[in-house]
Amino acid sequence: MKKKITFLLNSETRSIEVESGDILLDVLRDKLGIKTPKIGCDMGDCGSCTVMLDGKTVKSCLVLALEVEGQEVTTLEGLMKDGMTPLQQTFHDFNSFQCGFCTPGMVLSATELINKNPKPNRKEIQEALSGNLCRCTGYIPIIEAVEDLIGKGKGEGKEKG
Ligand code: FES
Ligand code: FES
């Protein structure tokens, strides 16, 4: 049965009809043109579908679209209204991605961490990113990029080019 939901998507109010079993990830990608959340495992294991729901990261493949009624959904598109975010720039500078499939989820999980804890230590960064799998980088460049952004990295203060 179809039901209309209204929610904030990247700071804009959106209303859309969904079926009771529709999954948020599919609605974002197929009905709303939001492509940064990726379809990976589709069962809550890989984190490639990560979005923020009222500022907290969730795996959108596990969320029913009906559940976001009245809430705020933020995807990487919402953080990029003025171009690349500082964290994305640092990922770029540290070669923290290869295929890029995991990157939107990594950036959102790291953003959530830094919002809560502006100076996390390495263990806290590893824990915050533990729900986001990367098949390419071995994780070290990702962690070093986050450390650099918060001023704890080896590259702090170095010229970036
Ligand atoms: S696609 Fe959602 S966790 Fe893998
Ligand atoms: S950069 Fe390819 S999966 Fe992470």
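Bear in mind these aren't lab numbers, they're just calculated from the coordinates by the rules spelled out. What you see is a predicted model, and the numbers here were worked out from it, not measured in a lab. Backbone-built Cβ (ideal geometry, glycine too); neighbour counts: all protein chains shown.
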ask   = What does the helix-only formula give at 222 nm for the chain: each DSSP H stretch with n ≥ 4 adding -39500 (n - 2.57), the total divided by the residues, and the result rounded to the nearest 500 deg cm²/dmol?
value = -7500 deg cm²/dmol
ask   = Using the Cα gyration tensor of the chain, with a ≥ b ≥ c the square roots of its eigenvalues, what is the shape: rounded (a/c below 1.5), prolate (a/b larger than b/c) or oblate (neither)?
value = prolate
note = Computed over the stretch 68-161, the relative contact order (Cα-Cα under 8 Å, seq sep at least six) in percent reads 34
inquiry  = Testing the spin-label approximation: label points 7 Å from Cα along Cα→Cβ at GLN126 and GLU69. State their distance in nm.
reply    = 4.3
ask   = Normalised by the number of residues in the chain, what is the relative contact order in percent for Cα pairs under 8 Å and 6+ residues apart?
value = 22
key: Cβ-placed point charges (K, R +1; D, E -1), dipole of the stretch 1-142 about Cα centre in debye, nearest 20   = 220
query = What is the packing order of peptides 26-38, 76-88, taking the mean over residues of other C-beta atoms within 10 Å and listing the highest first?
reply = 26-38, 76-88
key: Members of LYS3/LYS59; LYS2/LYS116; LYS35/LYS123; LYS4/LYS116 lying beyond 25 Å, as alpha-carbon distances in this model show   = LYS2/LYS116; LYS35/LYS123; LYS4/LYS116
note = The helix 103-116 Cα axis meets the longest alpha-carbon principal axis of the chain at an angle in degrees, between 0 and 90 and rounded to 10, of 80
remark   = Cα extents of the stretch 2-79 along the principal axes, largest first, in whole Å, come to 29, 27, 20
